[in-house]
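Following: one structure in structure tokens, then a few remarks.
The values are calculated or read from the model by the stated rules, or taken from the named source; none is laboratory data. Model, not experiment: these values are computed from the prediction. Glycine gets a Cβ as well: all are built from the backbone with ideal geometry, and neighbour counts include every protein chain shown.
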Amino acid sequence: MPVKPFLDTNIVVYAFTSDDPRSERADTLIKAGGVISIQVLSEFVSVLRRKQRRKWAEIDEALGVLKILLDPPQPLTVELHEAAISLARHRRFSIYDSLVVAAALRAGCTTLYSEDFQHGQVVERLTIQNPFVA
């Protein structure tokens, strides 16, 4: 069984944004399946509410779609937090980016789709890809 990619918050947000040129590619990635974390879900809700001013009903609907298309989200645990701190310390990532990378590694993913890192960067067995790079 092929390993599914981990999707960062920006990918999930673009999939539910209609007026962005990245939306179609993000939607394709979501529909292909993947892994996210509770942090990604929380950031997604925050962006939809705070920046896009979406109603709760729209957010609930979007969360329902994600629940169908993606694997159950990786939980935020003390162990994940400790792994993220180690990544932040050694890789100089922000704690929030480190939590994403740590969750992707814990899930066994080999690809992380994100705009927030250097395209092609490798962390342990995880390759970070910006899916919007031409």
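Filtered by the rule that a residue be without any contact (Cβ under 8 Å) to a residue 60 or more places away in the chain and of a type in the set (A, V, I, L, M), region 37-62 gives Ile38, Leu41, Val45, Val47, Leu48, Ala57, Ile59, Ala62. Of all residues in region 95-120, those being in a loop (DSSP other than H, G, I, E, B), of a type in the set (S, T, N, Q) and either at pLDDT below 95 or closer than 19 Å to Ala26 by Cβ (or both) number 2.
Of the residues Arg89, Arg53, the single one that is in a loop (DSSP other than H, G, I, E, B), at pLDDT 95 or above, out of contact with any strand residue (DSSP E or B) (no Cβ under 9 Å at 6 or more places or on another chain) and exposed (fewer than 12 other Cβ atoms within 10 Å of the Cβ) is Arg53.
Among the residues of region 42-75, those identified as of a type in the set (S, T, N, Q) and either over 18 Å from the mean Cα position of the chain (by Cα) or over 18 Å from Pro5 (Cα atoms) (or both) are Ser42, Ser46, Gln52.
Considered as a group, the residues in region 105-125 that are in contact with a Leu (Cβ under 8 Å, 6 or more places away or on another chain) and free of Cβ contacts under 8 Å to residues at least 40 places away in the same chain include one that is surrounded by the fewest Cβ atoms within 10 Å (Cβ to Cβ), and that residue is Glu124. Criterion applied to Ala26, Ala83 was being more than 14 Å from the chain's Cα centre (by Cα) and either within 18 Å of Val3 (Cβ to Cβ) or assigned to a helix (DSSP H, G or I) (or both), and the one residue passing it is Ala83. Please work out if Leu29 is buried (at least 17 other Cβ atoms within 10 Å of the Cβ), of a type in the set (A, V, I, L, M, F, W, C), in contact with a Phe, Trp or Tyr (Cβ under 9 Å, 6 or more places away or on another chain) and more than 21 Å from Ile128 (Cα to Cα). Spelling it out, it is not the case that Leu29 is buried (at least 17 other Cβ atoms within 10 Å of the Cβ), of a type in the set (A, V, I, L, M, F, W, C), in contact with a Phe, Trp or Tyr (Cβ under 9 Å, 6 or more places away or on another chain) and more than 21 Å from Ile128 (Cα to Cα). Tell me which residues, restricted to region 11-29, are touching a residue at least 12 places away in the same chain (Cβ under 8 Å) and more than 16 Å from Gln74 (Cα to Cα). Ile11, Val13, Tyr14, Ala15, Phe16, Thr17, Arg22, Arg25, Ala26, Asp27, Leu29, listed by residue number. Residues satisfying the criterion are absent from region 58-72 (criterion: loosely packed, with under 15 Cβ neighbours inside 10 Å, more than 21 Å from Val100 (Cα to Cα) and at pLDDT below 95). The condition (being touching a Lys or Arg at 6+ places or on another chain (Cβ under 7 Å) and hydrophobic (A, V, I, L, M, F, W, C)) is satisfied by just one residue among Leu99, Leu69: Leu69.
Residue under question is Phe44, and the condition is that it be surrounded by 19 or more Cβ atoms within 10 Å (Cβ to Cβ), of a type outside the set (D, E, K, R) and either touching a Gly at 6+ places or on another chain (Cβ under 7 Å) or assigned to a loop (DSSP other than H, G, I, E, B) (or both); does it hold? Considered against the rule, which asks whether it is surrounded by 19 or more Cβ atoms within 10 Å (Cβ to Cβ), of a type outside the set (D, E, K, R) and either touching a Gly at 6+ places or on another chain (Cβ under 7 Å) or assigned to a loop (DSSP other than H, G, I, E, B) (or both), Phe44 comes out as no.
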